[in-house]
Amino acid sequence: MTNKVQSHGMSVTLERPEGSLLVEAYGDGGFRLMERRVEGSLFVRESGFFPVDADDLASLNRTHIDSLMAEHGTPEILLIGTGADMALLPRALRLHLEEQGIGYDVMSTGAAARTYNVLTIEGRNVAALLLQVP
């Protein structure tokens, strides 16, 4: 699938496999995926996107991770978007991810969404846990 995007006087052509689930936009407390606005934080995989009951890093916990991995499978890498700015995961959550053998990378939500898109286009087994950006 090819989409043309006009941005600041520059034309960008996005090449992606047909039917790929990509994060098209983020901000104002939600995301746009599949040309549809979705409010709140999300877990995104090629197979779909799912709400996450955590508005910020302080409310994200191991139960969220365990539930998402049990229901949707463990990806090769889990990208964790921490909101508008990059922040470190709480120690307990880092240790839990490592104990579970879940590979992860932490970055701002915008960077995580862009990285998820690139890795998805490359055909990688990736998921993103994206905390909303107000």
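Measuring with a 1.4 angstrom probe and ignoring ligands and nucleic acids, E24 comes out at about 60 Å² accessible. Going by accessible surface with a 1.4 Å probe and the largest first, D56, D28 read D28, D56. Only protein heavy atoms count here; on that basis, with a 1.4 Å probe, S108 has an accessible area of about 30 Å².
The residues neighbouring S41, those whose beta-carbon lies less than 10 Å from its own, together hold a net charge of -4 under the Lys/Arg +1, Asp/Glu -1 convention. For segment 72-112, the relative contact order works out to 60 percent when only alpha carbon pairs closer than 8 Å and six or more residues apart are counted.
Dividing the summed helix terms, -39500 (n - 2.57) for each DSSP H run of n ≥ 4, by the number of residues in the chain produces a 222 nm estimate of -7500 deg cm²/dmol to the nearest 500. 3J(HN,Hα) along segment 75-89, derived from phi through the Karplus expression 6.51 cos²θ - 1.76 cosθ + 1.60 where θ = phi - 60°, amounts to x, 4, 9, 9, 8, 10, x, 8, x, 4, 10, 5, 9, 6, 5 Hz, with x in place of Gly and Pro. For P51, what charge total do you get from the other residues with a beta carbon under 14 Å from its beta carbon, if Lys and Arg give +1 and Asp and Glu give -1? Combined, the nearby Lys, Arg, Asp and Glu give -1. Rounded, prolate or oblate: which fits the chain, taking a ≥ b ≥ c as square roots of the Cα gyration tensor eigenvalues, rounded meaning a/c under 1.5, else prolate when a/b beats b/c? In terms of gyration-tensor shape, prolate.
Ranked by solvent-accessible area (1.4 Å probe, protein heavy atoms only, all chains present), the residues E71, E35 order from largest to smallest as E35, E71. When the surface is traced with a 1.4 Å probe over the full set of protein chains, E99 keeps roughly 140 Å² accessible.
The values are calculated or read from the model by the stated rules, or taken from the named source; none is laboratory data. Note that the coordinates shown come from a computational prediction; the quantities given were computed from them, not determined experimentally. Counting neighbours? That spans all protein chains shown, and the Cβs are built from the backbone with ideal geometry, glycine included. When the accessible area is computed, the model is the full protein with side chains, heavy atoms only, and any ligands, DNA or RNA have been set aside. Shrake-Rupley method; radii C 1.70, N 1.55, O 1.52, S 1.80 Å.
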